[in-house]
Amino acid sequence: MGQLHAVGALVVFVTVAVAALAAAVAGLRGGAGWLDRLQQVVMVVIGLQIAMGVLAYLAGDRPAEPLHFLYAVVALGALPVAASFAAEAPPRPRAWVLAVALGVVLLLLWRLASTG
């Protein structure tokens, strides 16, 4: 299960990186209506990774540091919080808020990997 969680971490990192790039491009172009769907896809991928982490934990595969759990929860919550701040904003600023939030999530994922 631990190996599956490690592969999932790579999938999440690539997904978030591509999404951050796509959001930044959308921000440069004036926004896009599909960014809400993109955020949902990223949330599902992160949620699935957390579910695999829970299964790995139950199977006895523990992270090296307990902060791993905190970073996982913050990574899951960062996008909805950012979206709530930008809910009433025009499309371009909403795209930039998502791009920045995804950048923050990338930093959290790096920290998660170092605590895992």
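The numbers here are math on the coordinates, done by the rules we state, and not lab data. The model shown is predicted, which means the values in this text are computed figures rather than measured ones. Ideal geometry is used to build each Cβ from the backbone, glycine not excepted, and the neighbour counts take in all protein chains shown.
Please verify whether LEU79 is under 30 Å from GLY2 (Cβ atoms) and not aromatic (Phe, Trp, Tyr), treating the condition exactly as stated. Judged against the criteria, LEU79 is a match.
Looking at the stretch 1-85, what helices (runs of 4 or more DSSP H) fall wholly within it and have at least 1 residues that are of a type in the set (S, T, N, Q) and closer than 19 Å to LEU107 by Cβ? Filter on the stretch 1-85 gives 2-28, 35-58. Going by what's in this entry, would ARG111 be described as in a helix (DSSP H, G or I) and more than 18 Å from the chain's Cα centre (by Cα)? When the stated conditions are applied, ARG111 does not pass them.
Taking the criterion of being within 23 Å of ALA87 (Cβ to Cβ), surrounded by fewer than 21 Cβ atoms within 10 Å (Cβ to Cβ), among the small types (Gly, Ala, Ser) and more than 11 Å from the chain's Cα centre (by Cα), the residues of the stretch 1-50 that qualify are ALA22, ALA24, GLY30, GLY31, ALA32, GLY33. Residues in the stretch 1-36 that are of a type in the set (Val, Ile, Thr) and under 20 Å from LEU76 (Cα atoms): VAL7, VAL11, VAL12, VAL14, THR15, VAL16, VAL18.
Just one of (1) within 18 Å of THR115 (Cα to Cα); (2) out of contact with any Lys or Arg (no Cβ under 9 Å at 6 or more places or on another chain) fails for VAL25. It is (1).
Taking the conditions exactly as written (in a helix (DSSP H, G or I) and over 19 Å from LEU48 (Cα atoms)), does ALA99 satisfy them or not? So that I can check it myself, show each step before the final result.
Details: in a helix (DSSP H, G or I): yes; over 19 Å from LEU48 (Cα atoms): yes.
So ALA99 fits the description; yes.
Just the residues that are under 13 Å from the mean Cα position of the chain (by Cα) and buried (at least 18 other Cβ atoms within 10 Å of the Cβ), please, taken from the stretch 51-77. Correct list: TYR71, ALA72, ALA75.
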